[in-house]
Amino acid sequence: MNPHDATKRPGAHLVAEMLGVEDPWTLNVRYRPSDPLYRASTLVIGTAHELDELHGRVTRATQAALGVLEPVGRGEFNGSPSSYEPVRSAVQQIGRLVSAQNATYERLVQSIVAYRRLLPEPNPAPPSHTEARDQDNGQVSGRDDDWAVSADLRLRALEAVEAGGLRFHQSGVYGYISLSDARGERLADRVWPETVQRLIAAGLLDRDTSEGLYRPGQLISLTPKGEAALRDAGTATPRVSAALNRSNTTTLPGTTADPAVVPAPGAATKPSRSR
């Protein structure tokens with residue numbers, strides 16, 4: 001469960017939601033300063049701090065503006081340009097702060113995505129037969145978000161959907177997306193929302209749009225095309241393993257073959273000549 005209140009610290013909440021961490025402020029402690037992940041995680045931390053600070057400034061400016069707006073709501077202003085100047089000033093200040101907050105939010109999302117792209121993939125699976133065939137045919141899309149279906153991200157997403165209960169959520173306040181499993185727990189480290197979005201666009205997954213995005217979330221299911229892709233991916237590993245086993249049993253020059261198949265000493269290896 002996300003320990004950060006989105007109405008008080010939206011930056012920390014967004015980092016925790018998208019990366020599955022409880023303490024966003026220690027995100028960079030595991031990396032050396034020379035590691036690209038250190039720079040990427042430090043950018044995430046700094047931008048999250050900036051978003052939280054702007055959120056606080058918007059909140060305080062809005063609270064201060066309420067004292068100016070209440071007399072207007074009661075009809076106590078005389079309508080002269082000077083009487084409305086405090087209102088105009090308060091509205092302009094809030095507008096500037098909100099614009100800066102929105103821009104910072106977008107930068108934070110981009111920095112989180114950039115950080116996730118640098119994370120190493122655990123146990124990357126070999127490409128499925130379908131993926132290999134598409135690459136051989138030159139059908140690589142070349143999209144900017146191809147990273148979302150690289151390595152085994154695609155297979156992990158398909159497997160998570162097959163397990164059942166995977167739901168797609170969208171924040172009603174800030175619009176960011178997240179996933180939850182059958183137990184209602186957020187997924188951030190294994191299956192990424194961007195991957196699910198790509199697979200939906202490719203026709204491998206389907207989303208139940210009759211349900212709410214916020215609660216309970218939209219259930220994700222496999223399409224027939226997705227089921228076929230999952231079968232292809234599942235049979236790719238045995239094929240690769242079998243090929244490796246065959247290559248490992250091939251006798252190399254200068255090595256001794258299996259004794260069971262070595263000809264007995266003195267046995268003729270070519271036709272004998274008749275006398």
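All of the numbers you see were taken from the coordinates with simple rules; none came from a lab. This one's a predicted model, so the numbers in the text were calculated from it and none came from an experiment. Methodologically, a virtual Cβ is constructed for each residue, glycine included, from the backbone with ideal geometry; neighbour enumeration extends over all protein chains shown.
What number comes out for the charge environment of residue 37, summing +1 per Lys or Arg and -1 per Asp or Glu over other residues with Cβ under 11 Å away?
My count for the surroundings of residue 37 gives +4.
Using 0.36 nm per residue of separation minus the Cα-Cα distance, give me the extension gain between residue 159 and residue 181 in nm, one decimal.
Extra length available between residue 159 and residue 181 comes to 6.7 nm.
Give a quick list of GluC sites (Glu not before Pro) in the range 1-69 that DSSP marks as loop, anything other than H, G, I, E or B, with at most 15 other Cβ atoms within 10 Å. Intermediate results must be reported in sequence, preceding the final value.
On the way: sites: 17, 22, 50, 53; in loops: 22.
Passing sites in the range 1-69 are 22.
Excluding residue 170 itself, what net charge comes from residues whose Cβ is under 15 Å from its Cβ, given Lys and Arg +1 and Asp and Glu -1?
With Lys, Arg at +1 and Asp, Glu at -1, the neighbours total 0.
For the residue pair residue 118 and residue 70, what label-to-label distance in nm results when each label sits 7 Å from Cα along the Cα-to-beta-carbon direction?
Result: 4.9 nm between the two label points.
Would you mind getting me the FRET efficiency between residue 8 and residue 80? Use the beta-carbon distance for r and R0 = 35 Å, nearest 0.05.
My answer for the efficiency is 0.35.
Multiply the residue separation of residue 227 and residue 143 by 0.36 nm, subtract the distance between their alpha-carbon atoms, and state the gained length in nm to one decimal. It would help to have the intermediate numbers written out before the result.
On the way: separation 84, 0.36 × 84 = 30.24 nm, distance 2.37 nm.
Computed gain between residue 227 and residue 143 is 27.9 nm.
Run the simple label-point estimate for residue 92 and residue 107 please: 7 Å along Cα→C-beta, distance reported in nm.
In this crude spin-label approximation the distance works out to 2.4 nm.
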